[in-house]
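Before any comments, here is the structure.
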Amino acid sequence: MELVQSYSITIVALGFLAALMLCQLLVADVVGIRLKHVPGSQVPSDHENPLFRASRVVANTNESVAIFVLAVFFCILSEAAANTTGYAAWAFVMARFLYAVCYYSNWQLARSVVFALSLVSLAALLANGFWQWL
């Protein structure tokens, strides 16, 4: 139980990421329904198409979430600095939120910058975990 208390900030970040992923999925579903998209059919690769952008938000989050979860568990199991782990986890969650906003809004440069911030957050988590082993 002490481990859970030490990493409570990180655990809450995991919950918020799950909620964010659910919201992203719902946005993609609602956009698909509003555009009368036939489920299972290909979404055209067009950044002007809101369904394409919503689908890419879901796909990109799904591509990075496994790394995030593994990095968080690595930090927890390594007993890495709990505050640093929490801050890096929240930085990742906030970057993923901003990434989605930028992608939905078709702000390509801002989206790329925020994506880079999410990568920096992942690197910070991993560095924090590995620091315990040095």
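Secondary-structure-derived ellipticity at 222 nm for the chain, considering helices only, amounts to -28000 deg cm²/dmol, per-run term -39500 (n - 2.57) for DSSP H runs with n ≥ 4. Relative to the longest principal axis of the Cα atoms of the chain, helix 50-77 runs at roughly 10 degrees.
Computed on the Cα atoms alone, the convex hull of the chain gives a volume of 104 cubic angstrom per residue. Taking all protein chains in place and a 1.4 Å probe, what share, in percent, of the accessible surface of the chain do carbon and sulfur account for? With neighbouring chains kept in place, the figure for the chain is 71 percent. 3J(HN,Hα) along the range 96-110: 5, 5, 5, 4, 4, 4, 5, 5, 4, 7, 6, 8, 5, 5, 4 Hz, from the Karplus curve 6.51 cos²θ - 1.76 cosθ + 1.60 with θ = phi - 60°, whole Hz, x for Gly and Pro. Largest first, the three principal axis extents of the alpha carbons in the range 1-48 are 50, 18, 16 Å in whole numbers.
The local environment of Ser118, defined by Cβ-Cβ distances under 14 Å, has a net charge of +1 under the rule Lys, Arg +1 and Asp, Glu -1. For the chain, the longest principal axis of the C-alpha atoms and the axis of helix 8-34 are separated by about 10°. Cα centroid distance between the range 64-134 and the range 1-58, in Å? Their Cα centres are 17 Å away from one another. Taking a Cβ cut-off of under 15 Å around Cys102, the surrounding Lys, Arg, Asp and Glu residues balance to a net charge of +4, with basic ones at +1 and acidic ones at -1.
The values are calculated or read from the model by the stated rules, or taken from the named source; none is laboratory data. Keep in mind that this is a model prediction, so the values were computed, not measured. All Cβ positions, even for glycine, are placed from backbone atoms using ideal geometry, and neighbour counts span all protein chains on display. Keep in mind that these areas ignore ligands, DNA and RNA; they rest on the heavy atoms of the full protein, side chains included. Shrake-Rupley method; radii C 1.70, N 1.55, O 1.52, S 1.80 Å.
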